Amino acid sequence: MALGARTMIERNRLFRGLPSATLDRIAALAIRRAYGQGETIFAQSDPGDGLYGVATGRVRISASSSDGKELFLNIMEPGDAFGEIALLDGRQRTATACTTAPTELLMIKREDFFALLRREPELVSHMLELLCQRLRWMSGLTEESALLPVPARLARRLLSLGKLHGQETAKGVRLSISQEEMARFVGLSRQIVNQHLQLWKAQRWVGLGRGKITILEPAALEAIVAHDGAGAMQPFA
């Protein structure tokens, strides 16, 4: 069942805690848009035109380097919002957003949101808080890529994706993700990712299936991160 604009906005951390009347006014700005699987919502370097929220479906956020290498950054599911950086500055998109399933989005246009922002000062602090969270997250990705050894990098991202998007099963936390997609999340080749996953499978730390990875022993993966990442990662203040 699709999330309504009011429900999605109320659940989103960007707007959480705002007065009910303010939430109603934000919801009134939302426009519904439907996409099929594999459609591009916006591409990196496109003009920033608004904020998007997922009502149904799934959206993958990715970025490409100058040599054409694609890195997966995040997965957005019902209740998640994305596009807030370009919403605020109106400049080019910093990433590409594509659907991985039939998807219905709620969009708030930049000009409409700014008109409301000028009338609702409380919204400013919420936007600043979210942007700071995203800055810390992006800094973590950069440090992870530059400083963590490959096993810790892969284990850390598996645990993070499992927490955000995993499905609890009798055996463990199952992720609907292929090894190729996992490789793009950590910026490695599929062969290297497969080598580590096969080793962890032999140790019964993970289970592997077609388009699926199941975390069987999260403590073992956490130990890899703690051991290999000791001293490598510094907290971002």
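Here are the numbers for the structure shown:
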| item | result |
| --- | --- |
| Fewest-first ranking of Phe114, Phe82, using other Cβ atoms within 10 Å as the exposure measure | Phe114, Phe82 |
| Set of lysines with alpha-carbon distance to Lys201 below 21 Å, sequence-local pairs under 8 removed | Lys163, Lys171, Lys212 |
| Ascending count of other beta-carbon atoms within 10 Å, so fewest first, for Met76, Met127, Met182 | Met127, Met182, Met76 |
| Mean projection area, nm², convex hull over Cα of the chain | 13.9 nm² |
| C-alpha long axis of helix 218-228 to longest principal axis of the chain, angle in ° | 80 degrees |
| Helix 150-165 axis, angle to the chain major axis (alpha carbon atoms, nearest 10°) | 40 degrees |
| Sequence-distant residues sharing a close amide H with Ile41 (under 5 Å, placed H) | Ala97, Cys98, Thr99 |
| As computed over segment 149-228, the Cα convex hull volume per residue (Å³) | 79 Å³ |
| Qualifying trypsin sites (Lys or Arg not before Pro) in segment 4-59, DSSP loop, other Cβ atoms within 10 Å at most 13 | Arg13, Arg16 |
| Burial ordering of Thr103, Thr22, fewest other beta-carbon atoms within 10 Å first | Thr22, Thr103 |
| On Cα atoms only, tilt of 190-202 relative to the major axis of the chain in degrees | 60 degrees |
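The numbers here are math on the coordinates, done by the rules we state, and not lab data. No experiment lies behind these values; they were computed from the predicted model shown. So basically every Cβ, Gly included, is an ideal-geometry build from the backbone, and we count neighbours across all protein chains shown.
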